[in-house]
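Quick notes on the structure that follows.
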Amino acid sequence: MTAKAAMRKQFTLNPAALEQLFSVLESHDFQIVGPTIRNGTIQYDYIKGCKELPSGWTSEQERASCRLKRRKDDALFGYVPGADSLKRFLHPPELRLFRAERENGVFRILDNPAPAPKLAFVGVRSCELRALSILDRVLAEDRYPDAAYVAARRRIFIVAVNCTEPAPTCFCTSMGGGPEAGGGFDLLLTEIVSDNQHVFVAEAGTSEGSGVLAVLNPGEVTKEIMAALHEAMDRSKAAFKREVATEGLRELLYESFDHPQWDRVAAQCFLCANCTMVCPTCFCVTVEDSTDVPVRRAERWRKWDSCFTQNFSYIHGGSVRLSPKSRYRQWLTHKMAAWVDQFGTFGCVGCGRCITWCPAGIDVTEQIAALRGTAAPAASDGAG
Amino acid sequence: MTAASVMTPLAARVARVDKETHDTFTLAMESGNGVDLPRFRPGQFSMLYLFGAGELPISISGDPEKPGELVYTVRSVGQVTYALVTRKPGDSVGVRGPFGTQWPLASARGRDILIVAGGIGLAPLRPAIYHILRQRGDYGRLVLLYGARGPRDLLYKKELSAWSYLPDTQVLTTVDYGGVNWRGHVGVVTTLFRFIRLQPGQTTAFICGPELMMRYVVRELETRGMPAGHIHLSMERNMKCAVGFCGHCQMGPHFICKDGPIFPYPEMRPWLDRYEL
């Protein structure tokens, strides 16, 4: 537990109070986004009430594999979430930039995007919070802010959860994070579930969070509950299977430009771009234009794009990155090296999504270990 | 520029379209219809939007001292550039920007200027030439080395000729393929170096052209003892936003759109020779 977290006042909430939390948020006009079961996985989606949380389910993840599994208890947050991160909601896959209309060769812009809805995110992990702070640096705090992101970001409420059940694919502890949420939330919950109790330890991170927490009539924490909390977090910290050595990582990537490992990974990679779609910090977009048949009305849309596509680097005369290896290299070098120069942080939080959702089973931690010339640490197939 | 407008173009009015070569045209956009065009600095670019067709980064090739006018030289090589050069006066073209860094004309004051251009790369250098000629006393010798594919591809022919008669100014052109009526130089642009007097210690170089050409020009300049810090390059990459969040224009740690397009050569040196970077 960090010093800052230790200073925050902690309370207890029972599962019924959590149901009330949803009502309170809805009464403040928040649309609630939380983990729920969709398409055979646990995903973030718009939900109404606690009943849509995946109570009693977990998600088994390994490279190229993600399976729903019944838990022995009724835990609401006993898993790491699926493919999508908060990125889908704050930096959406498709966004209309404007509509325009033309007459006699002269056009005018009709509108800008609709105002952002108020979103409350429930069940947000430490890795998601850190990803959000990285997206903030890219889309809100750089020279030009992305208006749509800033508008949506300003209006969110975050109910975070301490991560009691990391997946074998997780390596946040290597990337400067860990299962405990350090900040960036309005409310933080830690779920304690055992044979004889189901309770949440709650603390507020902002004055808005304190206000909401007060309405929920929280109880006092007991010594026993605190002991159970510490035990849960210790168990979580001990559960990590993968790691990345980050010392000198930026230099390693820049110096490995001609490393033969890029050829080896390119032989596996399908260039499907899954890793960039599920990455909570990959921000690249393209734009698409369309018109009606008489070319009087036009629209311009912004859509997620990926450095794994051939068109991504197209300039007159051809694509700069034609070979598969140059595209994988660009992705990993951007994440672990260029990002540091551009935004003062790695572009990776160690959430492990790119490992789970790579259909070729490429493991980013193994790729980095291979570039270092060391064996992949404790990341062999079927770990966990 | 406000955050809300950064991705929304101004509907600017096309004032005229002049044919430069068989495939290259110069469009002049002017303020009007309630649109005030912004000022720009030599070397900057705009994003030009063609209604419903797309948007492209295009360097500004006009005179920075003419407010209310933005001029672009466009080679028609694809759907959007074709649509651009076939506009009629009075049509609207969407303009975002100007974006990016400028040629370091202030720090180059008092020095000789060497400009090396390849093909359409002369376009973003023309505003710098206009500036230098306007402030002629602020600069030493001006040397322009310009290479094009063939005689019919040379841009701004009348201006090139006029500039070549100016005092303290040397203009040399060369082409890759001459043809029977061509009496000028034939060969890549670096073959012109033997015709100029270069004082490496007091010259600032501005280079824009295909990346391969720029690599050889830089090599030539370094061989002649020119300090890397006085060499400046204009880079090109795919761009969708011009403000650093589409991610397309990255080259190593640099975003060409907002950290460039003009870079001091030492910032580009680690990345230039990396194939498929």
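The values are calculated or read from the model by the stated rules, or taken from the named source; none is laboratory data. Fair warning: this is a prediction, and the values are worked out from it, not measured in the lab. Here the Cβ is made from the backbone with ideal geometry for all residues, glycine too, and neighbour counts use every protein chain on show. The area values use the complete protein model at the heavy-atom level, side chains included, leaving out ligands, DNA and RNA. Shrake-Rupley method; radii C 1.70, N 1.55, O 1.52, S 1.80 Å.
Values computed for the structure shown
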| read-out | value |
| --- | --- |
| Cα gyration tensor, chain B - rounded (a/c under 1.5), prolate or oblate | prolate |
| Within chain B: Cβ-based charge dipole about Cα centre, in debye rounded to nearest 20 (Lys, Arg +1; Asp, Glu -1) | 340 |
| Radius ratio Rg over Rh of the stretch B:3-99, counting only Cα atoms, Kirkwood formula for Rh | 0.92 |
| Interface residues in the stretch A:103-142 - accessible area drops by 50 Å² or more relative to the isolated chain, probe 1.4 Å | A:F107 |
| Extended-chain gain in nm, criterion 0.36 nm per residue less alpha-carbon gap, B:K158 and B:R224 | 20.6 nm |
| Solvent-accessible area lost in complex, 50 Å² minimum, residues of the stretch A:337-351 relative to chain alone, 1.4 Å | A:Q342 |
| Rounded FRET efficiency, nearest 0.05, which uses the C-beta distance separating A:H316 from A:E251 and R0 of 56 Å | 0.95 |
| Net charge of neighbours whose Cβ lies under 14 Å from the Cβ of A:E288, counting Lys and Arg as +1 and Asp and Glu as -1 | +1 |
| Rounded D (µm²/s) - the stretch A:123-223, Kirkwood Rh over Cα pairs, Stokes-Einstein at 10 °C, 1.306 mPa s | 104 |
| Net charge contributed by nearby residues that have their C-beta within less than 11 Å of A:L187 (K/R +1, D/E -1) | -2 |
| Relative contact order of the stretch A:256-384, pairs being alpha-carbon contacts under 8 Å that are 6 or more residues apart, as % | 27 |
| Chain A: most fluctuating residue of A:D45, A:D111, A:D305 per GNM, C-alpha cutoff 10 Å | A:D111 |
| Estimated FRET transfer efficiency (B:D36, A:R155; beta-carbon r; R0 25 Å; 0.05) | 0.15 |
| Pairwise label distance in nanometres, A:D234 with B:D168, each label 7 Å out on the Cα-Cβ vector | 8.0 |
| Gyration tensor verdict on the stretch A:147-305 (Cα atoms; rounded if a/c is under 1.5, prolate if a/b is larger than b/c, oblate otherwise) | oblate |
| Centroid-to-centroid separation of the stretch A:96-146 and the stretch A:1-70 [C-alpha atoms, Å] | 25 |
| Alpha-carbon centroid distance for the pair the stretch A:151-218 / the stretch A:323-367, whole angstrom | 27 |
| Helix runs (DSSP H) in chain A reaching 18 Å along axis by Cα, Kyte-Doolittle at least 0.5 | A:15-27, A:126-139 |
| Dimensionless Rg ratio for the stretch B:112-234, taking C-alpha atoms and the 2.2 N^0.38 Å reference | 0.99 |
| Pairwise burial B:A, computed as accessible area of each alone minus the pair, summed, 1.4 Å, Å² | 4000 |
| Whole-number percent relative contact order across the stretch B:112-234, with pairs defined as alpha carbons under 8 Å at least 6 apart | 30 |
| Partner chain coverage, peptide A:250-261 - average Cβ within 10 angstrom | 1 |
| The protein assembly as shown - percent of accessible surface contributed by carbon and sulfur, probe 1.4 Å | 51 |
| Set of lysines near B:K88 by C-alpha distance (under 29 Å), chain-local residues within fewer than 8 positions excluded | B:K19, B:K66, B:K157, B:K158, B:K240 |
| For chain B, accessible area per residue (1.4 Å probe, heavy atoms of protein chains only), Å² | 39 |
| Folded to 0 to 90 degrees: helix B:211-223 orientation relative to chain B principal axis, Cα | 30 |
| Average accessible surface area per residue within the stretch A:3-238, 1.4 Å rolling probe, Å² | 43 |
| Relative contact order %, chain B, counting alpha carbon pairs below 8 Å whose residues are six or more apart | 17 |
| For the stretch B:235-275, residues shielded by at least 50 square angstrom of accessible area compared with the chain on its own, probe 1.4 Å | B:N238, B:K240, B:F245, B:H248, B:Q250, B:P253, B:K258, B:R274 |
| For the stretch B:31-76 and the stretch A:226-257, distance of Cα centres in Å | 49 |
| Positive-end extreme of charge dipole, the protein assembly as shown - chosen from A:G183, A:W331, A:A228 (charges on Cβ) | A:W331 |
| Ratio of the Cα radius of gyration of the protein assembly as shown to 2.2 N^0.38 Å, where N counts its residues | 1.11 |
| Cα-centred dipole magnitude for chain A, charges only on beta-carbon of K, R (+1) and D, E (-1), debye, nearest 20 | 640 |
| Cα centre as origin, Lys/Arg/Asp/Glu Cβ charges: the protein assembly as shown dipole, Debye | 1680 |
| Within-13-Å neighbourhood charge of A:F121 [Cβ basis; K, R +1; D, E -1] | +2 |
| Under 25 Å from A:K118, Cα to Cα: lysines that are on another chain or at least 8 residues apart | A:K48, A:K51, A:K87, A:K303 |
| Fraction of beta bridges assigned by DSSP in the protein assembly as shown that are antiparallel (%, nearest 5) | 70 |
| Computed label-point distance, nm, for sites B:R109 and A:K48 using a 7 Å Cα→Cβ extension | 6.8 |
| Largest to smallest principal axis extent of the C-alpha atoms in chain A, angstrom | 69, 58, 37 |
| Stokes-Einstein D (µm²/s) once Rh is taken as the Kirkwood radius of the stretch A:249-372 over alpha-carbon pairs, at 10 °C in 1.306 mPa s | 101 |
| Three-way shape label, the stretch A:16-141, alpha-carbon gyration tensor, a/c 1.5 | prolate |
